[in-house]
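Encoded as structure tokens, the structure appears first; notes follow it.
Please treat every number below as a calculation from the coordinates, not as lab data. This structure is a prediction, so every number in the text was calculated from the model and none was measured. Methodologically, a virtual Cβ is constructed for each residue, glycine included, from the backbone with ideal geometry; neighbour enumeration extends over all protein chains shown.
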Amino acid sequence: MLYIFTAIYCEAEPLIKRYDLSPDAGYPFGGFVSSDGRIRLILTGIGKTLASAAVAHSCARYRISSDDILINIGTCGGGTARTGAYLINKVIDGDSGRTFYPDMLYSTPLGESAITTVSVFATPDDTAADELMLWDMEASGFCDAARLFVPPHRIVLIKAVSDNGSDSKKDLDGELLNSAVSRNLDDIAAAIEVFLKIGETAVCGMSDTGDLAEEFKCSETMRSDLEKLIIYCRNSGRDHVEIIDGMRRDGILPAAHRNAGKGALNEFRRRLLQ
Amino acid sequence: MNSDAGCYNKFFSHVYVEKGALEYPDTSAILGRLPYAEVVCIDHYKDVFNRSHQDAIAQKRSPAMILAVNSGELVYRGAPVCQSFGQREFYYTASSMNCSFDCEYCFLKGMYNTSNIVCFVNLEDYEREIKKLSNPYVCVSYDTDLIGLNSLTGQADRWVEFASENPEILIEMRTKAAPAKLTPLPNLIYAFTLSPDEIASRFEKNVPPLRARLKAVENAIRDGCTVRLCFDPMIYVEGWKDIYTGLVDQVADRIELGKVKDISVGTFRISSEYLKKMRKQMPRSEVCWFPFTNAGGYASYPEELDNEMMDHMCSVIGKYVDEGRIFTWR
Ligand code: SF4
């Protein structure tokens with residue numbers, strides 16, 4: 001599933017419309033969800049602390065696993081040469097200097113850039129000082145929390161350039177931010193399409209040994225050994241049921257007591273490798 | 001093919017370059033070979049290489065290259081499970097870390113948290129350290145496959161140059177690649193790892209097939225290179241006996257084994273810690289989920305099976321090569 005984290009509604013609105021997301025009231029972070037449940041959008045509020053809190057809260061609330069993808073989509077400032085939407089390959093926290101690198105495994109139509117996250121709006125002087133840098137207020141907070149829950153290839157940041165820095169918060173009105181996302185919506189959507197396509201990794205946990213463990217009179221250690229043997233059977237294309245049935249026919253199973261069970265486990269291993 | 005196949009970037013679509021590595025000639029050379037790569041500047045290679053929670057299996061589909069300067073330890077003494085072939089003082093070094101091939105059983109999957117590849121561009125520092133050692137035998141392609149990466153990093157060529165300038169230093173370069181041409185030098189051993197097709201096709205992704213590797217061995221011998229053959233690690237699968245007998249017969253059919261320096265044989269064994277990690281990463285792996293015996297921090301096949309595999313292999317090879325040239329890690 002895709003979890004999109006956006007700071008404010010005006011940045012989120014074009015996405016909400018594009019994917020026909022419905023409100024999904026939540027406290028303290030409001031959200032929207034698609035009818036097929038594949039996309040959930042969460043409004044984090046402005047700033048890295050809130051971004052961090054929203055990610056951590058959502059990961060716990062929605063039981064986000066390492067198969068899910070977390071995307072931070074928003075607007076940013078950039079030098080005059082910077083236009084369009086970018087996939088972020090390096091995040092620098094402007095206060096601590098800490099860096100974060102999302103894994104760039106997936107091919108999207110977006111260009112790439114580094115971004116610096118700052119606590120106050122980047123000024124025209126900031127953006128002019130490093131023409132290639134982008135500036136935002138959430139990315140590092142988003143990464144700080146996201147990296148605790150999902151691997152770096154499941155962390156994505158897409159930032160649309162809205163301005164070249166501002167000396168006053170008033171310059172950055174909702175319309176400006178909304179239009180930065182809207183203008184680049186096709187590119188952003190094409191990238192989202194890629195992330196939706198990424199097959200979820202099949203989760204192959206331990207097999208359920210249940211009754212079989214009873215038959216072997218398993219201790220905890222024996223149960224774990226039995227589970228591993230059954231996984232090996234599955235992975236090597238061998239039918240454990242056939243071996244177990246043979247052991248039942250030969251009177252080895254069910255085992256009368258723990259010691260007999262240990263012998264049975266060794267016999268299972270032996271027959272498996274025959 | 002997976003339906004998500006087209007979603008991945010090409011190999012080395014991204015190159016992370018340490019600030020301190022920017023000025024090195026090897027950095028420019030490697031970047032010149034990857035003109036379309038996105039270059040990301042980093043402070044230290046560990047900022048990318050050692051990140052927590054990386055998914056090394058996912059990264060294998062699109063590994064990144066990291067160019068760095070190694071300011072840490074450059075040469076190591078050989079570990080107890082490594083073979084030293086009864087030679088000199090055994091050392092190994094890692095001028096690159098990780099491999100572009102993808103063998104399911106590769107210990108690197110347990111050793112590192114990532115499939116990204118680090119290439120250290122200060123090779124001259126390695127060379128300086130090795131020159132200080134007395135009578136060394138140095139394996140330079142242990143935590144990587146330098147020949148497999150050579151078209152990109154040029155490091156295998158650099159080690160050949162070093163060997164040719166330092167005839168008193170014995171170098172071994174191990175590979176599963178199939179290079180068309182190799183430089184013959186008396187103090188440079190090319191160690192080719194050969195696996196049966198049945199094993200290679202199932203467990204060795206992106207690795208050249210056996211026939212290509214045999215062609216490379218043939219060429220190397222023809223050109224006068226010192227060649228070692230490695231049937232190591234032998235992997236247990238149903239029918240292993242016939243499979244490995246077939247391999248040796250096939251090799252003997254193609255290669256003049258009398259011209260091979262020596263042959264190494266070993267069964268799969270791995271640090272128990274690495275194995276634990278690999279099982280977690282590869283819940284579907286046949287090789288990793290084998291019910292191994294654990295002893296002294298290492299996982300290996302149960303003794304009886306292990307002995308049977310080694311003895312069988314040695315006896316089949318013994319049909320073609322005298323015993324003194326067959327080495328095992330036991
Ligand atoms: S070729 Fe060697 S180093 Fe490379 S993946 Fe295979 S086993 Fe590992």
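Dividing the Cα radius of gyration of region B:30-178 by its Kirkwood radius returns 0.96 for Rg/Rh.
Site pair B:N50 and B:N187 shows an inter-label distance of 3.4 nm when each label is modelled 7 Å from Cα along Cα→Cβ. Straight-line cross-link partners of B:K19 among the aspartates and glutamates, defined as a Cα under 13 Å from its Cα and at least 8 positions apart when in the same chain: B:D43, B:D47.
Expressed per residue, the C-alpha convex hull volume of region B:171-223 stands at 68 Å³. Taking Cα atoms only, the orientation of helix A:48-61 departs from the longest principal axis of chain A by about 30 degrees.
Translational diffusion of chain B was estimated from the Stokes-Einstein equation, with Rh taken as the Kirkwood radius over Cα pairs; at 37 °C and 0.692 mPa s the coefficient is 159 µm²/s. Relative to the longest principal axis of the C-alpha atoms of chain A, give the angle of the C-alpha long axis of helix A:220-235, reported between 0 and 90° and rounded to the nearest 10°. Taking Cα atoms only, the helix is inclined about 80 degrees. Legend: ranking of residues A:F149, A:F29 from fewest to most surrounding C-beta atoms inside 10 Å; resulting order A:F29, A:F149. Shown in residue order for region A:135-149 are the 3J(HN,Hα) couplings computed by the Karplus curve 6.51 cos²θ - 1.76 cosθ + 1.60 at θ = phi - 60°: 9, 9, 10, 10, 3, 5, x, 4, 5, 3, 7, 4, 5, 7, 10 Hz (x for Gly and Pro). For the protein assembly as shown, the Kirkwood estimate of hydrodynamic radius, built from reciprocal distances between every pair of different alpha carbons, is 27.0 Å.
I want to make sure I understand the PRE zone here: with the label point 7 angstrom from the Cα of B:K276 toward its beta carbon, which residues in region B:105-120 have backbone N atoms less than 14 Å away? In region B:105-120, the label zone of B:K276 (backbone N under 14 Å from the point 7 Å along Cα→Cβ) covers B:110-111. For chain A, the Kirkwood hydrodynamic radius comes to 21.4 Å, computed from all pairs of different C-alpha atoms.
Beyond 32 Å in Cα-Cα separation lie the following of the pairs A:K228/B:K241; B:K241/B:K276; B:K46/B:K181; A:K90/B:K176; A:K90/B:K132: B:K46/B:K181; A:K90/B:K176; A:K90/B:K132.
Mean-square fluctuations from a GNM of chain B, with a 10 angstrom spring cutoff on Cα atoms, peak among B:G154, B:G266, B:G32 at B:G32.
Full extension of the chain between B:I57 and B:N206 yields a length gain of 52.3 nm, computed as 0.36 nm times the residue separation minus the alpha carbon distance. The value obtained for region A:207-273, namely the Cα convex hull volume divided by the number of residues, is 70 Å³ per residue.
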